[in-house]
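The values are calculated or read from the model by the stated rules, or taken from the named source; none is laboratory data. In this text the structure is predicted, and so the values were computed from the model without any measurement. Here the Cβ is made from the backbone with ideal geometry for all residues, glycine too, and neighbour counts use every protein chain on show. The area values use the complete protein model at the heavy-atom level, side chains included, leaving out ligands, DNA and RNA. Shrake-Rupley method; radii C 1.70, N 1.55, O 1.52, S 1.80 Å.
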Amino acid sequence: MEADSAKAVNLVGEVMKDFNDARKYVKEHYEGVWADCFKSYNGIRTKRGYEGDSDEFVPETFSIVESLKASIAGAKPKFKYLPITEEQEIDTTALNALVTFYWTQNNMTEKILNWVGDMIIYGNGVFMVSWENNKPLVHHIPLSDFFVDPTATH
């Protein structure tokens, strides 16, 4: 029993070390950039180009990002699976309906808008797909909640 307890303590220690290393890596390499990106998106100047008498700043970023989001992911895409060959006689109506069903069940239009927004603002967006109750479940993960592995090669 003591051996199991010692293994559990060691595992917790390893996980906490990995967690702390990941948080430190993000803080040192990404957090400042992400904060500047978010400020720019919200019309807050992060760096002055030159010192002058006026502090005019035209907050175009928000409008540009929202326009791009609407253009890229503003509506549900049409899915149309087709038979692979002319000889194939299987009707793809059920498959097309299933994709539409999964899209609706996952509230994918909202998730896609958030994901695309992250990609436009920060240059990266994260999705996680799992399988629950015999259907795919898609989660949008905000970059602030995503753990970057500093040992990953890509």
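Given labels modelled 7 Å from the Cα in the Cβ direction, how far is it in nm from residue 16 to residue 124?
About 2.7 nm separates the two model spin labels.
So which of 17/47; 17/39; 17/69; 27/47 end up more than 28 Å apart by C-alpha? Could the numbers behind the result be given before it?
Working: 17/47 35 Å; 17/39 31 Å; 17/69 37 Å; 27/47 20 Å.
17/47; 17/39; 17/69, as the Cα separations exceed 28 Å there.
For the range 75-154, with the dipole built from +1 on Lys and Arg beta-carbon atoms and -1 on Asp and Glu ones, taken about the Cα centre, which of 121, 96, 143 lies farthest toward the positive end?
It is 121, whose Cα lies furthest towards the positive end.
Please list, in order along the range 75-87, the HN-Hα scalar couplings obtained from phi with the Karplus expression 6.51 cos²θ - 1.76 cosθ + 1.60 (θ = phi - 60°), rounded to whole Hz, x for Gly and Pro.
With coefficients 6.51, -1.76 and 1.60, one gets 9, 5, x, 8, 9, 9, 7, 10, x, 6, 10, 5, 6 Hz.
If we sort 119-130, 18-29 on the protection proxy, mean other Cβ atoms within 10 Å, highest first, what's the order? Could the numbers behind the result be given before it?
Working: 119-130: 14.3, 18-29: 12.7.
Per-residue mean Cβ counts within 10 Å order the peptides as 119-130, 18-29.
What is the local net charge at residue 76, summed over the other residues whose Cβ is closer than 15 Å to its Cβ (Lys, Arg +1; Asp, Glu -1)?
Details: positive: 69, 78, 80, 111; negative: 110.
Here the charged neighbours net out to +3.
Mind sorting out which of [x] 1.13; [y] 1.01; [z] 1.30 is the real Rg/Rh (Cα atoms, Kirkwood Rh) computed from the coordinates?
Calculated Rg/Rh (Cα atoms, Kirkwood Rh): the matching label is [x].
Run the numbers for residue 62 and residue 148: contour at 0.36 nm per residue of separation, minus the present Cα-Cα distance, in nm.
Working: separation 86, 0.36 × 86 = 30.96 nm, distance 2.66 nm.
Taking residue 62 through residue 148 to full extension adds about 28.3 nm, to one decimal.
Where is the GNM fluctuation largest for the chain (alpha-carbon springs, 10 angstrom cutoff): 114, 96, 42?
Maximum fluctuation in the GNM of the chain, among the listed residues, is at 96.
Determine ³J(HN,Hα), in whole Hz, for all residues of the range 97-107 in sequence, where each value follows from phi through the Karplus function 6.51 cos²θ - 1.76 cosθ + 1.60 and θ = phi - 60°; x replaces Gly and Pro.
Listing the rounded values in order: 5, 5, 5, 4, 4, 4, 4, 5, 4, 8, 6 Hz.
From the backbone phi of the range 145-154, what are the Karplus-calculated ³J(HN,Hα) couplings (6.51 cos²θ - 1.76 cosθ + 1.60, θ = phi - 60°) in whole Hz, Gly and Pro given as x?
9, 8, 9, 8, 7, x, 8, 5, 8, 7
Taking all protein chains as present, what is the carbon and sulfur share of the accessible area of the range 1-119, in % to the nearest whole number, probe 1.4 Å?
Values: 5460 of 9380 Å².
Roughly 58 percent of what the probe reaches on the range 1-119 is carbon or sulfur.
Go through 6, 42, 20 and say which Cα lies farthest out towards the positive end of the charge dipole of the range 1-42; charges sit on Cβ, +1 for Lys and Arg, -1 for Asp and Glu.
So the residue furthest toward the plus end is 42.
Expressed as a rounded percentage, what relative contact order does the chain have, with Cα pairs under 8 Å and six or more residues apart?
Values: 115 pairs, mean separation 34.7, N = 154.
Relative contact order of the chain: 23 percent.
If you place +1 on the Cβ of every Lys and Arg and -1 on the Cβ of every Asp and Glu, how big does the dipole about the Cα centre of the chain come out, in debye to the nearest 20?
On the way: 15 positive and 23 negative charges, 43 e Å.
The calculated dipole for the chain is roughly 200 debye.
With a point put 7 Å past each Cα toward its Cβ, work out how far residue 24 is from residue 135 in nm, to one decimal.
Computed distance between label sites residue 24 and residue 135 equals 4.4 nm.
Name the long-range amide H neighbours of residue 137: under 5 Å, sequence gap of 5 or more, or other chain; modelled H, no Pro or chain starts.
The answer is 130, 131, 132.
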